[in-house]
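Below is one structure; the comments refer to it alone.
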Amino acid sequence: MGILPQIIANSIIAGAIYALIALGFNLIYRTTKFFNLAHGALTVVGGYAMFFLYKQLEWNIYASALVSVLFTGGAGYMLDKLVFRRLRNRGASQMVFLIAALGLLTVIQAIIAILFTSQFQTLADSAMQQQIYDIFGGIITQTQAIIAILGVMILVGITWMLKYTMFGRAINAVSDDEEVAKMVGIHTNKIIGWVFFIGSAIAGLSGILVGFDTGLEPTMGMSLLMKGVIAAIIGGIGTMHGAFAGAFLLGFAENFGVWQFSGEWKDAIAFIILIIFLLFRPKGIFKR
Amino acid sequence: MPYLIHIAILFFIYAILGVSLNLVVGYAGLLSVAHAAFYGIGAYVTAIALTQYGINFFVSVLLGMLLSGIVSLLVGMVFSKFRDDYYALASLGFNVIVFSIFLNWESMTKGPLGIPGVGKPTVFGYEIASNGTFLLLAIALFALVYMVATKIDGSSFGRVLKAIREDEQALEVFGYRVEYFKLAIFVIGAAMASVAGSLFASYITYVDPSSFSLNESIFILAIVIMGGLGSIRGTLAGALFLVLLPEALRFVGLPTDIAAQSRQVIYGAILVLLMVYRPRGFVGEYELK
């Protein structure tokens with residue numbers, strides 16, 4: 001019995017991180033209808049921007065977090081403007097988008113590795129003793145609590161935005177039918193640009209949180225993205241609450257799997273869950 | 001001269017990988033990002049067969065092809081249900097899994113330490129020890145792969161594959177079992193990649209998981225895309241360029257680790273720029289839309 005609360009606590013933390021990545025990914029997928037594999041690289045951009053400002057320039061933690069998140073959002077916006085928008089305007093096929101995204105992922109990872117070396121870095125202060133919470137016998141650190149809370153807040157925020165703001169309705173219109181949206185006078189490229197900004201900013205935030213929680217590596221983007229995408233798919237791609245449910249399902253499945261087998265097979269477990277869903281319930285838990 | 005031979009051997013290994021991936025991506029239109037996984041299976045089979053069991057190199061090549069073939073058959077049957085982005089994602093995930101197996105199945109693969117001391121091939125008691133003779137072996141195996149690829153290119157099988165790429169539904173209407181064709185080319189491609197892996201293991205005499213990561217798959221994809229989908233000659237040009245690239249970077253005087261990262265920046269950027277400005281690649285016949 002003793003270990004169970006801890007596994008549940010770990011599952012919730014993992015789920016919250018995956019949820020953040022899945023939310024950003026989903027938001028972009030909803031409007032553009034392609035798997036933005038470069039999304040993973042943006043978590044790395046966010047994490048390392050924070051590392052640069054907070055650790056190397058020793059800025060205040062809130063200022064560095066804010067600037068890093070905005071910077072990542074801007075980076076995502078530029079990727080769309082410089083690459084994806086051109087492909088969209090040409091009416092490029094899925095394959096072209098995917099290859100371009102893989103290329104971007106490769107470039108960004110390598111640039112970060114050149115700038116900051118491939119060494120493992122952490123954002124957390126070693127001197128700073130983290131506040132630890134004991135919840136029914138499971139131990140959660142302060143960073144982890146922040147991750148969980150932010151995840152919920154962003155989910156609520158985005159759902160609210162999509163439902164009740166003019167901008168959110170425009171996003172819905174574009175995701176339903178880009179051509180018609182254009183006809184009724186929605187500036188689709190502008191909307192999609194903003195979606196990239198917001199989705200990437202969330203990715204940047206999750207990169208920062210991962211940096212505090214476990215640490216940063218230039219190659220971490222790919223595995224984080226995988227988890228985010230798997231969460232998005234098993235939850236029901238394109239639905240926000242689905243991404244959330246999928247993320248926690250994945251978090252729980254992984255951590256209970258690790259408990260039963262061993263830590264190295266985490267990625268394998270995630271992938272097998274994806275395959276099972278794709279084969280038997282390809283639309284995910286919540287169909288859109 | 002020894003340096004040139006080294007480059008030439010690397011070129012033929014990547015040429016095998018490029019040509020075989022081109023069959024999958026360029027002919028059948030399946031965006032597979034899992035080629036390094038089959039490359040790795042070949043390399044590990046050869047490494048383990050030679051160091052643990054003292055099996056002849058050529059037998060190990062066949063064993064590697066067999067294992068890659070079986071794995072790709074099973075995986076391909078699952079993948080055949082997916083299309084476009086789901087296919088790419090599933091193949092990408094598969095590469096991650098195989099990589100983690102190389103890394104974590106320590107009793108078999110020695111994990112991150114890798115397997116050193118892989119022997120050289122022997123033919124009728126004669127050991128192919130020098131790099132010069134190894135180059136001949138690489139050329140011979142490449143020639144085999146090349147012949148099979150051109151054979152497929154000219155056959156009705158190849159024409160059906162290209163037709164699938166152009167319009168899958170039309171072919172289904174004509175009564176072709178599209179998924180069997182896709183599966184067949186996926187298995188053939190995987191078996192060819194395994195040959196390249198066997199060559200690599202015996203040539204470098206050392207295998208470790210880092211050579212078979214997702215980045216390697218993207219690198220092989222870059223070879224294919226650069227040369228142009230569906231063009232075997234284009235793939236050779238792409239392989240030549242991308243194999244020479246890191247050497248050129250080192251020549252310019254970049255330190256080795258920076259050179260490795262710069263290589264990644266360049267081939268990643270090539271992928272992006274080609275997609276934006278010239279999606280058919282440099283000599284490709286097939287216009288990616």
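Rule-based calculations on the coordinates, nothing more; no lab input. If you're wondering where the values come from, they're calculated on a predicted model, not measured in any experiment. As a convention, Cβ positions derive from the backbone with ideal geometry for all residues, glycine included, and neighbour counts pool all protein chains shown.
Distances between placed amide hydrogens fall under 5 Å for B:Arg280 paired with B:Leu288, all partners being 5 or more residues away or on another chain. The tail of the calculated P(r) for chain A, taken as Cα-Cα distances beyond 27 Å, holds 39 percent of the pairs.
Across the range A:137-142, coupling constants 3J(HN,Hα) worked out from phi with the 6.51/-1.76/1.60 Karplus curve, θ = phi - 60°, read x, x, 9, 10, 7, 4 Hz, and Gly and Pro carry x. Beyond a 23 Å Cα-Cα separation, which of these cross-linked pairs lie in this structure: A:Lys283/B:Lys81; A:Lys81/B:Lys162; A:Lys163/A:Lys227; A:Lys266/B:Lys110; A:Lys33/A:Lys283? In this structure, A:Lys81/B:Lys162; A:Lys163/A:Lys227 exceed 23 Å between Cα atoms. Residues whose amide H lies under 5 Å from that of A:Leu216, counting only those 5 or more places away or on a different chain, are A:Gln121, A:Thr122, A:Leu123; hydrogens are built 1.01 Å from N in the peptide plane. Once you divide the Cα radius of gyration of the range B:2-212 by 2.2 N^0.38 Å, the number left is 1.04. Sorted on the mean count of surrounding Cβ atoms within 10 Å across their residues, most packed first, peptides B:193-204, A:234-245 read B:193-204, A:234-245. Cross-link partners for B:Lys120 among the lysines, with Cα-Cα distance under 17 Å and sequence neighbours closer than 8 places in the same chain left out, do not exist in this structure. For the range A:104-201, the convex hull spanned by the alpha carbon atoms encloses 175 Å³ per residue. Pair-distance distribution P(r) for the protein assembly as shown, from all Cα-Cα distances in 20 Å bins starting at 0: 20, 54, 24, 2 percent. Between the Cα long axis of helix A:39-50 and the first principal axis of chain A there is an angle of about 60°, rounded to the nearest 10. Taken residue by residue and averaged, Cβ atoms of other chains lying within 10 Å of the Cβ of B:206-219 number 2. The string of couplings for the range A:273-285 from the Karplus curve (6.51, -1.76, 1.60, θ = phi - 60°) is 4, 4, 4, 4, 5, 4, 7, 9, 8, x, 8, x, 5 Hz, one whole number per residue in order, with x for Gly and Pro. Taking amide H as placed 1.01 Å from N in the peptide plane, A:Ile139 has no amide H partner under 5 Å among residues 5 or more places away or on another chain. Applying the criteria of a DSSP loop state and at most 11 other Cβ atoms within 10 Å to the chymotrypsin sites (Phe, Trp or Tyr not before Pro) of the range B:109-174 yields B:Phe124, B:Phe174.
Working note: Karplus 6.51/-1.76/1.60 with θ = phi - 60° gives the range B:99-112 the couplings 4, 6, 5, 4, 6, 10, 8, 5, 5, 9, 9, 6, x, x Hz, where Gly and Pro are set to x. Across peptide A:256-267, the average count of Cβ atoms from other chains found within 10 Å of a residue's Cβ is 2. Would you mind checking the tilt of helix B:178-204 against the longest principal axis of the Cα atoms of chain B, expressed as 0 to 90 degrees and rounded to 10? Long axis of B:178-204 versus the principal axis of chain B: about 20 degrees.
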